[in-house]
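Read through the structure below, which is laid out as structure tokens, and then see the notes.
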Amino acid sequence: MRKHFVLITLILITLLGGFLRFYKNTENPPSLNGDEISFAYTAYSILNTGRDEYGKFLPITFQAVGDYKNPIPGYIMAISIKLFGLNDFAVRFQNFFIGTLIIPSFFLFLFKIFKEKRLALVGSFFLAISSWHIFYSRMEYEYIIASFFVLLGIWFFMKMFDGGRKWTFLSAFFLILTMYTAPAPRLFVPVFIVTSLIFNFRKFKTHRNKIIIFVSTCVILGLPLVYATLFQGAGTRLTMVLISNDVEFQRYILLNSHSFFDFPMLIFFWIKRYLSYLDPNFLFINGLNMTVPGTFGLGVLYLFELPFLLLGIIEFIKRKIPYKSIFVIWLLTGIFPDSITNNQIHAGRLLHIAPIIILITALGAIRFCKWIVSLSKVYQRFIVAFGFSFVAVLVFIHAFLTFAVHFPRAKGESFDEGLKQAALYIRDHQESYNEIVFDPRRGIEGPYLVSNPYLYVLFYTKYDPKTYQTETKIHSKDSTYYFKFNKYTFRQIDWTVDQDKKGVLFIGSPWSFPKDLKEGEILEKIYLSNGYPAFYIVSPKW
Amino acid sequence: MKTKKQISLFAGILLLHYLFLTLIQNNLYPIHFDPKKLFFSDLIGKSLYVPQWLFYILEAGNLILLWIISKKIFNKYSLITPFVYSVSPWSSYLVIAGSFYIYLLFFILVGFYGLLLLKYKNFLGALLISVAILGVGYSSLTLLLLIPAVLLITVFKIISFKDLKIFFVIITFLLFPLFFLIQTHSVAFRNILDNETKIFSDPGLLNMVNNYQGAAQQEGLGKLAKISENKYLFTVENILLKYTKQLVPSNYFTPQEKLLNFSFTPPILFGFLIPFVYGLYHLIKLPQRKVLFLSSLLVIPSVLSRNMVDLNRLIIFAPVVIIVISYGLIELIKNKKKKIHNIFLILTLILIILQSLVVISDIQLREKARFTKYYEFEQNYEVGKQ
């Protein structure tokens, strides 16, 4: 029993992590979001026809809704859909699976690098219970897969200097694979490799052959991506989200007036953004953005991990750690891609540095435990340990309530809640109607346009991808949103005109219809988790 | 001869600071804070304010005090501290806006100098500490409340009670009239206390608690919410968050928190972050770290304010940051023969020069427009209460 203690503990930790990632993951988050549904239908299309919904054969980037998604999650999802069918579970399975698989992998990584079972177990335990990792593993989110590949890539990168050439190939393979998985690693990987080579120049000099093989492999594997970026629109997303287009920078900092010092201003603005990742609010209070802004949700670390993080930093600095410089470069360059975007700081896009942050926290936790044990009096030890455990329990209860109650209520709308039910209604009742009109405007506070309801219809009606690729589709020629295929029309509802149409099913938010609809006209009301109406399904009465 | 040279260099630093102040004044004045009444006058219903001109004089006093404090700590590198302070835009913005905390900073520096003298010149040290305590105690309720905490920790951690017993007697005697006033004007005292400690009356927090508990109740998890999402826990969490937030470097070295709520000028130039991190890294290993931890009490007025970080209130913590930067810079200079230290020094210098140029250009070009955009009017020029 004692001999297998580590193995049994690791299995239990992995099972716990798996449970936290899997339990009701098709119900919470409350709906497949726009990215998930887009990946899902593309994967389904590729699985059945070998082409995406635009008819491109095994594309390197998925055009999707114009945001040119990375291909790996889509291709992996195709396997999952093949295994489980076209449903919510299949869409989210890959992240649950990889999010769980990363736990024992992280254990092995820590154990092989540090040669310390205790640290490896504590680290994998923290990863298993990490709200940051759990949250993104419960949905289809490409950065979970990317973080797994980054972990393997960097691990093999470290091993490259002690082991054979296979590690060189494997490291290059996984690091480049990451670049095909999510947008941020496209910047992170080259910056990480170049910085590591510069700061470890002396070490690398003695492994010149391996470096040449490594770099050549990276270049060869990366070439298709470079091609896609330059010629197939994959670079569109990058130029769209650059920090120089940031609204705050343009409108508030530059005030739309330009001077000689604009570029240095941009650098200092970037520095401000970069340092904001140390914001305790982001780290401990609401970094996951699961609740309404300004309230207490969950950060990338639990609040009780604050002392662990501080002690961990000190321990990390003081202790002799193998490949310390690579760890530091991993952390510092890992923030870089997200920091140069014009979006709000985003915990999800930082998942590839989760292992290093969790490592630091684990180092701090062990230091903290040693400190408790070093207390001279038993009652002191008891008070500190009990007090700390009590705080941790309170934090866990809050985390549970955030996941179970506050998150679906706060973010149902941003997860496109209600579209699934609407699409299922269409699936079940479409035979009775000549046309189905879906108004893409929604919103609690006021109407805004969502351009993806057609994807929900495609997904939940299991619309034949081949038919969709080849049939005629009509788009609006002006700025108003209009999209039509088969009997489905996605456009704004104008009830003064539409109320006279016979045999047409209308779906829209409360903003699409007058308040005084005739009795019996509303066939079904779809609600968000917070109780607000999301959509009305209406058929005009004559 | 050496002293003369130091004095003339210091005069140069002073001049540099006032030139910077003039630049801001020319571009931004008459921007100002709502003047703050001195605590004792507010208590008795009178309106006694620190006049605007006094801030300019006190600012010179602050620089001089930083210099003499620095002399005690850093010896021959003493000019570095006032230099770092003088090229940091933080205090300059607050001086032209008439910040009450510039006035308090003066007394805090006097007190700190007194503390340094205590070991050698017991009477002068005790006298200066007494002046400082009386100055802040009669002027600001928040700092008056902080005095016992600072004294207790000082006695336990830094200086023995024996060294301080003279001035304990003096202080008690001199603060007695103030306590008498508080006793006789308890209603006014309560109002001032409520105004100074906004953190405990945050309606947003109570709203959040009600929403959370209501939502959990609907899901049948009301009991769990009562245990872990109540106002006491959230208040503690909020205080902890705010306290930690005050100590984040981005507050000081980037415009993360806006000076006077609108500026894009950082409180301290970013280039100084390098010596700051270096200095902190080394200071933590020294016994003097106790003083460093103790000094973090100075962030409490900012913690108690309505804003997440109040750079106006936080100016009283500025000397701590400046001293850490100075220590780091001095260590870098001392070790400049080592390649990496030299690189850090050069990088610091380049960043400081570059950012100074950017900041000066930006102040002239856009700061006033930013103020107008943020406050959406120009007539009053008030940048909020203190």
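The values are calculated or read from the model by the stated rules, or taken from the named source; none is laboratory data. Computed from a predicted model, the values in this text were never measured in an experiment. Note: ideal-geometry Cβ built from the backbone for every residue, glycine included; neighbour counts use all protein chains shown.
Looking only at residues in segment A:103-140 that are among the aromatic types (Phe, Trp, Tyr) and closer than 27 Å to A:THR217 by Cα, the one that is surrounded by the fewest Cβ atoms within 10 Å (Cβ to Cβ) is A:PHE109. Of all residue pairs spaced 6 or more apart or on separate chains, those with beta-carbon atoms under 6 Å, a first member in segment A:174-201 that is more than 16 Å from A:PRO71 (Cβ to Cβ) and surrounded by fewer than 20 Cβ atoms within 10 Å (Cβ to Cβ) and a second member that is at pLDDT 95 or above and not polar (S, T, N, Q) are A:THR195/A:ILE329.
What do you reckon, is A:SER374 in the same structural domain as A:ILE193 (by TED's automatic domain parsing) and over 30 Å from the mean Cα position of the chain (by Cα)? Criteria met by A:SER374.
State whether one or more residues within segment A:27-35 are touching a Leu at 6+ places or on another chain (Cβ under 6 Å), buried (at least 22 other Cβ atoms within 10 Å of the Cβ) and at pLDDT 95 or above. No, the conditions are met nowhere in segment A:27-35. Listed by first and then second residue, the pairs with beta-carbon distance under 8 Å, at least 6 apart or on different chains, first residue in segment A:454-478 and at positive phi, second buried (at least 17 other Cβ atoms within 10 Å of the Cβ) and in a loop (DSSP other than H, G, I, E, B), are A:LYS462/A:LEU86.
Return yes when B:LEU297 is in a helix (DSSP H, G or I), buried (at least 19 other Cβ atoms within 10 Å of the Cβ), touching a residue at least 40 places away in the same chain (Cβ under 8 Å) and more than 14 Å from chain A (Cβ to nearest Cβ) and no when it is not. Taking the combined requirement at face value, the residue does not satisfy it.
Quick check on my filter: what residues within segment B:173-214 are of a type in the set (D, E, K, R) and surrounded by fewer than 17 Cβ atoms within 10 Å (Cβ to Cβ)? Across segment B:173-214, the qualifying residues are B:ARG190, B:ASP194, B:LYS198, B:ASP202.
Checked against (1) in a helix (DSSP H, G or I); (2) more than 7 Å from chain B (Cβ to nearest Cβ); (3) without any contact (Cβ under 8 Å) to a residue 40 or more places away in the chain, A:LEU275 passes all but a single condition, namely (2). In the set B:THR184, B:THR172, only one residue is within 30 Å of B:LEU151 (Cα to Cα), modelled with pLDDT under 90 and away from every other protein chain (no Cβ under 14 Å); that residue is B:THR172. Filtering segment B:1-26 to residues that are over 30 Å from B:SER47 (Cα atoms), surrounded by 15 or more Cβ atoms within 10 Å (Cβ to Cβ) and of a type in the set (S, T, N, Q) leaves only B:GLN6. Go through (1) more than 14 Å from chain A (Cβ to nearest Cβ); (2) at negative phi for B:ASN210 and report which single condition fails. All conditions pass for B:ASN210, except number (1).
Taking segment B:305-386 and the helices (runs of 4 or more DSSP H) fully enclosed by it, the elements with 2 or more residues that are within 14 Å of chain A (Cβ to nearest Cβ) and in contact with a helix residue (DSSP H, G or I) (Cβ under 7 Å, 6 or more places away or on another chain) are at B:339-362, B:368-375. Among the criteria (1) modelled with pLDDT under 95; (2) closer than 30 Å to B:SER88 by Cβ; (3) in a helix (DSSP H, G or I); (4) more than 9 Å from chain A (Cβ to nearest Cβ), the one B:LYS285 does not fulfil is (3). Pairing residues of segment B:263-280 that are without any contact (Cβ under 8 Å) to a residue 40 or more places away in the chain with residues that are surrounded by 22 or more Cβ atoms within 10 Å (Cβ to Cβ) and among the polar types (S, T, N, Q), at Cβ distances under 9 Å and at least 6 apart in sequence or on separate chains, gives B:LEU273/B:THR254; B:LEU273/B:THR348. The set of residues in segment B:220-240 that are within 9 Å of chain A (Cβ to nearest Cβ) and either touching a Pro at 6+ places or on another chain (Cβ under 9 Å) or surrounded by fewer than 15 Cβ atoms within 10 Å (Cβ to Cβ) (or both) comprises B:ILE227, B:LEU240.
Considering the conditions (1) under 29 Å from B:LEU141 (Cβ atoms); (2) within 11 Å of another protein chain (Cβ to nearest Cβ); (3) of a type in the set (S, T, N, Q), B:THR254 is excluded by exactly one of them, (1).
Condition test on A:SER216, is it hydroxyl-bearing (Ser, Thr, Tyr), free of Cβ contacts under 8 Å to residues at least 12 places away in the same chain and in contact with a Lys or Arg (Cβ under 7 Å, 6 or more places away or on another chain)? No, not satisfied. B:SER305: modelled with pLDDT under 90, out of contact with any His (no Cβ under 8 Å at 6 or more places or on another chain), within 25 Å of B:LEU94 (Cα to Cα) and surrounded by 18 or more Cβ atoms within 10 Å (Cβ to Cβ), yes or no? Yes, satisfied. Residue pairs whose Cβ atoms lie under 8 Å apart, separated by 6 or more positions or on different chains, with the first residue in segment A:394-410 and outside any helix (DSSP H, G or I) and the second surrounded by fewer than 23 Cβ atoms within 10 Å (Cβ to Cβ), do not occur. Could you look through segment A:377-404, keep only residues that are in contact with a Phe, Trp or Tyr (Cβ under 8 Å, 6 or more places away or on another chain) and buried (at least 18 other Cβ atoms within 10 Å of the Cβ), and pick out the one that is farthest from A:SER31 (Cα to Cα)? Out of the qualifying residues, it is A:VAL395. Residue selection: B:SER263 satisfies the criterion of being under 25 Å from A:TYR252 (Cα atoms), buried (at least 21 other Cβ atoms within 10 Å of the Cβ) and more than 9 Å from chain A (Cβ to nearest Cβ). Just so you know, in segment A:278-315 the residues that are β-branched (Val, Ile, Thr) and outside any helix (DSSP H, G or I) include one that is farthest from the other protein chains (Cβ to nearest Cβ), and it is A:VAL300. Contact map, segment A:248-271: first residue facing chain B (nearest Cβ under 7 Å), second residue among the small types (Gly, Ala, Ser), Cβ cut-off under 7 Å, separation 6 or more or different chains; pairs are A:LEU255/B:ALA369; A:SER259/B:SER361; A:PHE261/B:SER361.
In segment A:524-536, of all residues being under 17 Å from A:ILE426 (Cβ atoms) and in contact with a helix residue (DSSP H, G or I) (Cβ under 8 Å, 6 or more places away or on another chain), the one that is surrounded by the fewest Cβ atoms within 10 Å (Cβ to Cβ) corresponds to A:GLU524.
Tell me, please, whether a residue that is outside any helix (DSSP H, G or I), among the basic types (Lys, Arg) and under 30 Å from A:SER512 (Cβ atoms) can be found in segment A:422-432. No: segment A:422-432 contains no residue that is outside any helix (DSSP H, G or I), among the basic types (Lys, Arg) and under 30 Å from A:SER512 (Cβ atoms). Being in contact (Cβ under 8 Å) with a residue 24 or more places away in the chain and either more than 23 Å from A:THR291 (Cβ to Cβ) or part of a helix (DSSP H, G or I) (or both): is that true of B:ALA216 here? Considered against the rule, which asks whether it is in contact (Cβ under 8 Å) with a residue 24 or more places away in the chain and either more than 23 Å from A:THR291 (Cβ to Cβ) or part of a helix (DSSP H, G or I) (or both), B:ALA216 comes out as no. Annotation note: of B:ILE102, B:ILE96, the sole residue that is under 14 Å from the mean Cα position of the chain (by Cα), closer than 20 Å to B:ASP34 by Cα and of a type in the set (A, V, I, L, M) is B:ILE102.
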